[in-house]
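Each remark here refers to the structure printed beneath this line.
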Amino acid sequence: MLQNYGNQDMMSPNRDENEYTAEVASLEEQTSGRESDYERLRRLSQLYQAAGRSDLFIQRCISSLETKNLPGQAENVIENRGVYLWKALETLCSKERRNEFLTRCEQENISLVYCYFSMGKDQQPFLQKFEPEYSYFIEECRRRNIRVFALAGEQEWLDPAQRGDLRILLDSFLEFNRQRMARGSYGFDGFSLDVEPHSVAGWRTGQRDKLVRNYLDLLREVRKTLADTTLLDVAVPCNYAGIPVLGSRNDFLKEIADQVNSLTLMAYQDTWRRGVDRASPVLNRSDLACGLRVAVETQAVDEVGVSFFGLSRQEFRTVLQECAKRFSKNKNFCGMVIHDDAGFQKMR
């Protein structure tokens with residue numbers, strides 16, 4: 001596009017949309033939707049930004065990539081994994097811990113990191129206060145072909161009156177990515193929301209319908225704010241399937257899936273067979289069009305029968321592989337996820 005139009009023409013936001021059609025069509029024809037195409041898409045996004053047509057790039061490239069890539073499996077979906085990094089600042093702000101984490105990711109075929117961010121006690125967003133640390137971490141991850149989703153979640157956001165911090169965080173996320181793109185660098189690949197209405201006391205005391213409505217309202221607010229500028233993932237338990245939603249023919253899981261690009265299913269069990277039994281009914285649903293990942297637990301927890309805590313790392317690798325083998329027949333399956341790095345570190 002630069003060769004065809006030159007820098008001066010590309011800077012004009014008023015060019016006819018049709019003048020870009022051939023270039024976009026050519027790109028879409030060449031692009032298979034796999035992760036290896038991210039670099040080409042990143043460069044194209046910079047051209048669209050210079051042309052003042054970022055809206056077209058987002059609509060035509062990011063959305064099409066997501067619908068092809070997330071439900072459509074990568075060739076190595078059995079081996080590729082994700083990991084939650086809740087203790088993000090401890091890792092990002094320490095050279096030793098950061099290097100240990102990145103080495104661990106390379107050794108364990110980690111291709112996606114859910115990286116936590118929040119507000120500091122001084123009410124300053126992490127992405128503003130620790131911008132160099134997050135930026136450097138993302139760059140190092142992408143050098144290793146690891147994508148990074150920003151991870152956030154507070155139960156208080158279920159109350160519409162308690163979402164002030166959420167809006168500040170979303171704005172800081174969008175601004176962080178805008179600044180990174182303006183510099184020709186990588187930003188976050190997506191945003192992951194971890195809010196769990198089922199863990200609120202009212203879920204079992206007659207307030208479930210209200211919590212369901214509030215959660216869906218929260219999700220719509222996040223989706224509207226992010227628009228089509230980024231991928232949206234949410235963590236959900238498998239038993240949201242079948243929960244009714246007042247005024248809708250869809251169940252709770254379907255209502256959530258329609259708002260997001262991917263679901264991370266919290267299929268917390270303590271054997272791979274039980275994990276497969278837990279997640280398979282969701283993976284087998286034909287009405288869910290988003291990508292589906294399956295997360296397992298490695299932390300020491302009070303609840304019996306839900307965590308792989310105590311296994312050796314080799315035993316755990318076998319668990320992940322056995323689950324992934326059985327899930328791989330499902331076209332929307334995108335890989336296994338480890339919850340979380342702190343527990344995984346303790347496996348020897």
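Read the figures in this text as sums done on the coordinates, not as results from a lab. Keep in mind it's a predicted model, so treat the numbers as computed, not measured. Glycine gets a Cβ as well: all are built from the backbone with ideal geometry, and neighbour counts include every protein chain shown.
Remarks
- For segment 86-150, the Cα gyration tensor yields ellipsoid semi-axes of 21, 11, 10 Å (square root of five times each eigenvalue, largest first, whole Å).
- When each of the peptides 80-86, 263-269 is scored by how many other beta carbons lie within 10 Å of its residues on average, the order from highest to lowest is 263-269, 80-86.
- Least to most buried among SER248, SER135 (fewest other Cβ within 10 Å first): SER248, SER135
- The convex hull drawn around the Cα atoms of segment 152-255, when projected onto a plane and averaged over every direction, covers 7.0 nm².
- Backbone geometry of segment 210-219 corresponds, through the Karplus equation with coefficients 6.51, -1.76 and 1.60 at θ = phi - 60°, to 3J(HN,Hα) couplings of 5, 5, 4, 4, 5, 5, 5, 5, 4, 5 Hz, x marking Gly and Pro.
- Within the same chain, lysines fewer than 8 places from LYS329 are excluded, and of the rest, those with a Cα less than 23 Å from its Cα are LYS68, LYS254.
- Alpha-carbon centroids, segment 113-186 and segment 207-280: separation in whole Å: 22
- Taking ASP270, ASP258 and counting other C-beta atoms within 10 Å, the order from fewest to most: ASP258, ASP270
- Model label points for LYS87 and SER312, set 7 angstrom from Cα along the Cα-to-Cβ axis, are 2.4 nm apart.
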